[in-house]
Amino acid sequence: MSNLYDIPVKRIEGTDATLAAYRGKVLLVVNVASKCGLTPQYEGLEKLYQDKRAQGLEVLGFPANNFKEQEPGSDAEISQFCSLTYDVHFPLFSKISVKGADQHPLYAALTRAQPAATGDGPFRERLKGYGIDTGAPGDVLWNFEKFLVNRQGQVVARFAPDTTANDPALLQAIDAELAKK
């Protein structure tokens, strides 16, 4: 697997970047969207970021328009929405694709490293109940899926989209990684 830190990404302001700036930190990588039923998760993600940032957690948001076009805006519109609506301070990146033929290399690496998500079943069944194609096993299921990356840049856990930032299993996994130096 390629090193997550070497994969080129763009910040939401348009500047080139990599995740190397976050080497040695615990990362929660989340594909986000502004017009989704799960969008209020921004609030919990920001609180989590503020609560655990000093311990070494970084929440990284990657807007994606893969699911029912729930992230139609430009990077500037997304940035403004996140700032004005949810007072987001955690790093946001340029809009990418998280699945399909145009999947961003970061998400190809994340899903390869952690093909199954904790808590996946109930939300998947709900989507199927709405007649929504949930994709192939291993695909990102929906907006707000979460990948936990340890301080060495290895994907150690993946959580279903409806797993909130204050979910005990998610917090336990984050705290366990933060405790490791």
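See the values below:
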quantity	calculated
Qualifying residues in region 6-36 (those that are hydroxyl-bearing (Ser, Thr, Tyr) and surrounded by 15 or more Cβ atoms within 10 Å (Cβ to Cβ)) - the one farthest from Ser74 (Cα to Cα)	Tyr22
Where a residue in region 109-120 is farther than 8 Å from Gly138 by Cβ and its partner, wherever it lies, is hydroxyl-bearing (Ser, Thr, Tyr) and surrounded by 17 or more Cβ atoms within 10 Å (Cβ to Cβ), with Cβ under 6 Å and at least six apart	Gly119/Thr163
Verdict on Ile96 being out of contact with any helix residue (DSSP H, G or I) (no Cβ under 9 Å at 6 or more places or on another chain), at pLDDT 95 or above, surrounded by 16 or more Cβ atoms within 10 Å (Cβ to Cβ) and among the aliphatic types (A, V, I, L, M)	no
Region 120-147 - residue that is among the hydrophobic types (A, V, I, L, M, F, W, C) and touching a Leu at 6+ places or on another chain (Cβ under 6 Å) and, of those, nearest to Leu110 (Cα to Cα)	Phe147
Boolean, Pro122 is in a helix (DSSP H, G or I) and over 17 Å from the mean Cα position of the chain (by Cα)	yes
Selection within region 134-181 - assigned to a helix (DSSP H, G or I) and small (Gly, Ala, Ser)	Ala169, Ala173, Ala176, Ala179
Among the candidates Gly14, Gly37, Gly24, residue that is closer than 22 Å to Gly153 by Cα and in a loop (DSSP other than H, G, I, E, B)	Gly24
Filtered residues of region 31-65 (kept if farther than 29 Å from Arg151 by Cβ and either touching a residue at least 40 places away in the same chain (Cβ under 8 Å) or out of contact with any Ser or Thr (no Cβ under 8 Å at 6 or more places or on another chain) (or both))	Ser34, Lys35, Cys36, Gly37, Thr39, Pro40
Search result, residues across region 74-119 that are part of a helix (DSSP H, G or I) and of a type in the set (Phe, Trp, Tyr)	Phe81, Tyr86, Tyr107
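The values are calculated or read from the model by the stated rules, or taken from the named source; none is laboratory data. Since the model is a prediction, treat every value here as computed from it, not as a measurement. Glycine also receives a Cβ, built like all others from the backbone with ideal geometry; neighbour counts cover every protein chain displayed.
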